[in-house]
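Peer 1: Here it is, the structure in full.
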Amino acid sequence: SVTDVWVKSRTETGLTLQWDKGNNSDSYSYRLNYDGINDTINGSALGDNVVTHNISSLSPGTKYSFTLYTVFEGVGSSGFNFTNVTSKYRLGILKNTRFFADL
């Protein structure tokens, strides 16, 4: 089962998560639960030993709780729990503008 998850990249509305497959074969899949959503990730389509999964449509500056399960033949592991947060909104620089009124 998965023992560590790290963030490869983070935006205001998304996270790219990664974890090692370890000695898990391609016949394993993964289920990621967060915020009432259940994402299924097919292990056989991943190819290398590091799994990368993109999550989008998240809210800026929000902390999320995740549980990642390793699944084999429909049976899930006890799950790996972790939290992470999206970036806050980036504020642009406002130009200094003067307004004049005719009196």
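The values are calculated or read from the model by the stated rules, or taken from the named source; none is laboratory data. Quick caveat: nothing in here was measured; it's all calculated off a predicted structure. No Cβ is skipped: glycine too gets one built from the backbone with ideal geometry, and neighbour counts run over all protein chains shown.
Peer 1: Going by the structure shown, is Thr67 of a type in the set (Ser, Thr, Tyr), at pLDDT below 95 and not in a loop (DSSP other than H, G, I, E, B)?
Peer 2: When the stated conditions are applied, Thr67 does not pass them.
Peer 1: Select from the range 14-57 the residues that are part of a loop (DSSP other than H, G, I, E, B), modelled with pLDDT of 85 or more, exposed (fewer than 14 other Cβ atoms within 10 Å of the Cβ) and of a type outside the set (Asp, Glu) and list them in ascending order.
Peer 2: Once the filter is applied, which keeps residues that are part of a loop (DSSP other than H, G, I, E, B), modelled with pLDDT of 85 or more, exposed (fewer than 14 other Cβ atoms within 10 Å of the Cβ) and of a type outside the set (Asp, Glu), the range 14-57 yields Gly36, Ser56, Ser57.
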